[in-house]
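Trainee: What follows is a structure written as structure tokens; I'll ask about it next.
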Amino acid sequence: MKSQPTYPAPAPMTAAMRDVIDRMARAGRPPLHSLTPDEARAAYEKGANVLEVPLRALHQVQDRTLPARDGVPLPVRLYRPTSEPGLPVVLYLHGGGFTVGSVRTHDALCREIAGQAGCAVVSLDYRLAPQHKFPTAAHDAWDACSALASGALDDWGLDGRRLAVCGDSAGGTLAAVCAILARDAGLPLALQALIYPGCTGHQDTASHHTYADGHVLTREGITWFFEHYIRDARDRDDWRFAPLYADDLEGVAPAWIGLAECDPLVDEGVQYADRLRMAGVPVELDIYRGVTHEFIKMGRALPEARKAHTDLAAVIRAALA
């Protein structure tokens, strides 16, 4: 008789993180995976900024567009901390399982990055599933990245030669994909900053079992996101969906990877950091103890979120100097 695998016990959450989880439970809101995609987007948008730090005032926050390969104008939000010309730029790719999220749900975080790192941030509203299946989000992210690097920023008074990519969760996946495509295109990126990125396609690491329930991002939620985004099972093995499966990572941009300890995605984030290091890519890995997926958007409640803001901004500032 084959023995069942055993998995590590969950790491203890901080008191503040546990309080957030308890408040979520008391609110009694239905989980996103029990809703339609449109309902889930509305629910995520409604709750996205509840625990964020107060909105940082910046010199300019402006909505613009960048072109996609099929001619669709992709909405972006430009954050400029000062009027200084020639600021370096971070392309920000929001999380939300390729199905929810927008520039609005990540407005406070992008303001913090721009203000603390002293750079411009361009936050992309890539097209969402299920209306736009894989690989549309990856295409949109790369189209925006290559447009910024190839001259769009000249008209905006920014410096496209100093460009980094950053994203959280699904957006971290897209940022990793952009870094690989940039390497292949000979486009120099200063940094790929990946916040608890999705890196595998099969939910098969130990942390997916250990943190399957009760830690903000759940097994059912991940399955719901994946099933809306992918076209069929073959997409799960495509590196543009799961960058850990890329054949070659040599020569991609240096990486900062920020992970939550109590997160189904933590193991694959560590594995991706290891793959990058084995390929000779400089990697800085920070694991924030006792917090869950989405923690970086909970700065009003969690000191770990505010620490991550500071850590991320410092890495970006150094990379774009």
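The values are calculated or read from the model by the stated rules, or taken from the named source; none is laboratory data. From a predicted model like this one, the values you see are computed outputs, not experimental measurements. All Cβ positions, even for glycine, are placed from backbone atoms using ideal geometry, and neighbour counts span all protein chains on display.
Trainee: Under 30 Å from Pro130 (Cβ atoms) and either modelled with pLDDT of 95 or more or loosely packed, with under 10 Cβ neighbours inside 10 Å (or both): is that true of Leu58 in this structure?
Mentor: Considered against the rule, which asks whether it is under 30 Å from Pro130 (Cβ atoms) and either modelled with pLDDT of 95 or more or loosely packed, with under 10 Cβ neighbours inside 10 Å (or both), Leu58 comes out as no.
Trainee: Tell me, which residue of region 153-172 that is surrounded by fewer than 23 Cβ atoms within 10 Å (Cβ to Cβ) and out of contact with any strand residue (DSSP E or B) (no Cβ under 6 Å at 6 or more places or on another chain) is farthest from Val90 (Cα to Cα)?
Mentor: Asp155
Trainee: Tally time: how many residues in region 77-110 are touching a Ser or Thr at 6+ places or on another chain (Cβ under 6 Å) and part of a strand (DSSP E or B)?
Mentor: 2
Trainee: Now for a different question. Between residues in region 74-93 that are surrounded by 23 or more Cβ atoms within 10 Å (Cβ to Cβ) and residues that are among the hydroxyl-bearing types (Ser, Thr, Tyr), which pairs lie under 6 Å by C-beta distance while being six or more apart or on different chains?
Mentor: Final answer for the pair search is Tyr92/Ser123.
Trainee: Return a yes/no flag: does region 137-156 have any residue that is more than 17 Å from Ala193 (Cα to Cα), over 14 Å from the mean Cα position of the chain (by Cα) and part of a loop (DSSP other than H, G, I, E, B).
Mentor: No, because not a single residue in region 137-156 is more than 17 Å from Ala193 (Cα to Cα), over 14 Å from the mean Cα position of the chain (by Cα) and part of a loop (DSSP other than H, G, I, E, B).
Trainee: Just to check your reading of the model, which residue among Glu112, Glu39 is farther than 16 Å from Ser169 by Cβ, of a type in the set (D, E, K, R) and without any contact (Cβ under 8 Å) to a residue 12 or more places away in the chain?
Mentor: Answer to the check: Glu39.
Trainee: Take the residues of region 61-73 that are in contact with a Pro (Cβ under 7 Å, 6 or more places away or on another chain) and in contact (Cβ under 8 Å) with a residue 12 or more places away in the chain: which is surrounded by the most Cβ atoms within 10 Å (Cβ to Cβ)?
Mentor: Filtering region 61-73 down to residues in contact with a Pro (Cβ under 7 Å, 6 or more places away or on another chain) leaves 63, 65, 67, 73.
Still in the list and also in contact (Cβ under 8 Å) with a residue 12 or more places away in the chain: 63, 67.
Working: Asp63: 11, Pro67: 13.
By that ranking, first place goes to Pro67.
Trainee: Assess whether Thr14 counts as being polar (S, T, N, Q) and farther than 26 Å from Ala179 by Cα. Step through it out loud before you land on a result.
Mentor: Working: polar (S, T, N, Q): yes; farther than 26 Å from Ala179 by Cα: yes.
So Thr14 passes the test.
Trainee: How many of the residues in region 209-248 are acidic (Asp, Glu) and either touching a Lys or Arg at 6+ places or on another chain (Cβ under 6 Å) or free of Cβ contacts under 8 Å to residues at least 24 places away in the same chain (or both)?
Mentor: We begin by selecting, within region 209-248, every residue acidic (Asp, Glu); these are 213, 220, 227, 232, 235, 237-238, 247-248.
Subset that is either touching a Lys or Arg at 6+ places or on another chain (Cβ under 6 Å) or free of Cβ contacts under 8 Å to residues at least 24 places away in the same chain (or both): 213, 227, 232, 247.
Residues meeting the conditions: 4.
Trainee: Something else about it: Go through region 32-49 and count every residue that is surrounded by fewer than 13 Cβ atoms within 10 Å (Cβ to Cβ) and not in a helix (DSSP H, G or I).
Mentor: Residues that pass the stated criteria total 1.
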